[in-house]
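Engineer: Below is one structure. I have some questions about it.
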Amino acid sequence: MPSNNPIIQLSNFIEDAYGTPEVLAQHLDLAVEMLFYVEEDTFSRRELQEVASALMSVMRVLRGI
């Protein structure tokens, strides 16, 4: 029976899709690095900073699981 707990759902998703939280964190690290190479005028500087900040927060949580 599937769980309604979002934490358990997230944990199951990470395990099914990436194997471990560390592997997902590595992908998110790469995503942060890729943000540095986005074409000029695609997004505002503030939007990019907000996305990078959110990704880094998720990575910190994943590494703590």
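Quick note: the coordinates plus some simple rules give every number you see, no bench work behind them. Note that the structure is predicted; figures quoted are calculated from it, not measured. Please note: Cβ atoms are built from the backbone with ideal geometry, for glycine as well, and neighbour counts cover all protein chains shown.
Engineer: Do you know which residues across the range 11-52 are assigned to a helix (DSSP H, G or I), under 14 Å from residue 63 (Cα atoms) and of a type outside the set (Val, Ile, Thr)? Spell out the reasoning first.
Structural biologist: Looking only at the range 11-52, we keep the residues that are assigned to a helix (DSSP H, G or I), and these are 11-18, 21-35, 45-52.
Applying the additional criterion that residues be under 14 Å from residue 63 (Cα atoms) yields 11, 14-15, 18, 21-29.
Of everything in the range 11-52, those that are assigned to a helix (DSSP H, G or I), under 14 Å from residue 63 (Cα atoms) and of a type outside the set (Val, Ile, Thr) turn out to be 11, 15, 18, 21, 22, 24, 25, 26, 27, 28, 29.
Engineer: While we're on this one: Applying the selection to the range 1-10, what residues are surrounded by fewer than 13 Cβ atoms within 10 Å (Cβ to Cβ) and assigned to a helix (DSSP H, G or I)? Lay out the reasoning, then the answer.
Structural biologist: Taking the range 1-10 as the starting set, the residues that turn out to be surrounded by fewer than 13 Cβ atoms within 10 Å (Cβ to Cβ) are 1-9.
Passing the criteria: 6, 7, 8, 9.
Engineer: Right, another one. Please verify whether residue 30 is out of contact with any His (no Cβ under 8 Å at 6 or more places or on another chain) and either basic (Lys, Arg) or free of Cβ contacts under 8 Å to residues at least 40 places away in the same chain (or both), treating the condition exactly as stated. Give the derivation first.
Structural biologist: Values: out of contact with any His (no Cβ under 8 Å at 6 or more places or on another chain): yes; either basic (Lys, Arg) or free of Cβ contacts under 8 Å to residues at least 40 places away in the same chain (or both): yes.
Answer is yes for this residue.
Engineer: Also, I was wondering about something else. Take residue 39 and tell me if it is more than 19 Å from residue 9 (Cβ to Cβ) and loosely packed, with under 10 Cβ neighbours inside 10 Å.
Structural biologist: yes
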